[in-house]
Amino acid sequence: MLIEKDIRTDCQNIISSIINFSDDVKYSFKLTEHENEKVLGIADRNILGKTFSDAGLEITISKDFYHQDYCTAEKALELIKSATIINAFGRGIIELMVNNKIIPENAVLKPCKVPHAQVFEAIS
């Protein structure tokens, strides 16, 4: 009986989080701090957990690296501006970064045809 109640509670929490997902919540992110670095892994929500392959290369947008929480574009920009290292995957997040002049368009890579960029804060 206790197990059934736990499963029912888990299912209700999952359904509640799905229902409360706004169309504005487009990105998944994980922010990790190590010594003086703030490392941000951020990806389009719709590619989280997916694996892409092309010409012998395989890339997985892993939940371990790219998921701590979900965010809107506004929150994504705040996170990006606070990070010292950024690893970003997905058409939406890359467009957001290019449109806000965080990265130039010619810095975008497309491994497995998925837009990707890495940003490192310059050390002086």
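The values are calculated or read from the model by the stated rules, or taken from the named source; none is laboratory data. All figures in this text were calculated on a predicted structure; none of them were measured in a lab. Note that each Cβ is placed from the backbone with ideal geometry, even for glycine, and that neighbours are counted across all protein chains shown.
So if I check each of Lys63, Lys38, Lys26, which one is within 12 Å of Asn87 (Cα to Cα) and of a type in the set (D, E, K, R)?
Step by step, each of Lys63, Lys38, Lys26 is checked, and only Lys38 is within 12 Å of Asn87 (Cα to Cα) and of a type in the set (D, E, K, R).
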Would you call Ser17 modelled with pLDDT under 95 and in a loop (DSSP other than H, G, I, E, B)?
no
Residue pairs qualifying under the 6 Å Cβ cut-off, at least six apart or on distinct chains, with the first in region 44-59 being without any contact (Cβ under 8 Å) to a residue 24 or more places away in the chain and the second being assigned to a strand (DSSP E or B), are Leu48/Ser28; Thr51/Thr60
Being of a type in the set (Val, Ile, Thr) and surrounded by fewer than 19 Cβ atoms within 10 Å (Cβ to Cβ) is the filter; apply it to region 90-102 and report the residue that is farthest from Lys30 (Cα to Cα).
Val98
Quick check on Leu40: is it of a type in the set (A, V, I, L, M, F, W, C), over 18 Å from Ile103 (Cα atoms) and not in a helix (DSSP H, G or I)?
no
Count of region 98-124 residues which are outside any strand (DSSP E or B), of a type in the set (A, V, I, L, M) and closer than 20 Å to Ser53 by Cα
2
Could you tell me whether Ile7 is hydrophobic (A, V, I, L, M, F, W, C), part of a helix (DSSP H, G or I), farther than 21 Å from Ala73 by Cβ and at pLDDT below 95?
yes
Does region 36-58 include one or more residues that are in contact with a strand residue (DSSP E or B) (Cβ under 9 Å, 6 or more places away or on another chain), more than 30 Å from Glu121 (Cβ to Cβ) and either at pLDDT below 95 or surrounded by 12 or more Cβ atoms within 10 Å (Cβ to Cβ) (or both)?
yes
Among the numbered conditions (1) surrounded by 15 or more Cβ atoms within 10 Å (Cβ to Cβ); (2) touching a Phe, Trp or Tyr at 6+ places or on another chain (Cβ under 7 Å), tell me where Asn87 comes up short.
(2)
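Can you tell which of Glu95, Glu74, Glu78 is in contact with a Pro (Cβ under 9 Å, 6 or more places away or on another chain) and part of a helix (DSSP H, G or I)?
Within the list Glu95, Glu74, Glu78, the selection yields Glu95.
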Of all residues in region 71-84 being surrounded by fewer than 17 Cβ atoms within 10 Å (Cβ to Cβ) and of a type outside the set (A, V, I, L, M), which is farthest from Phe120 (Cα to Cα)?
Thr72
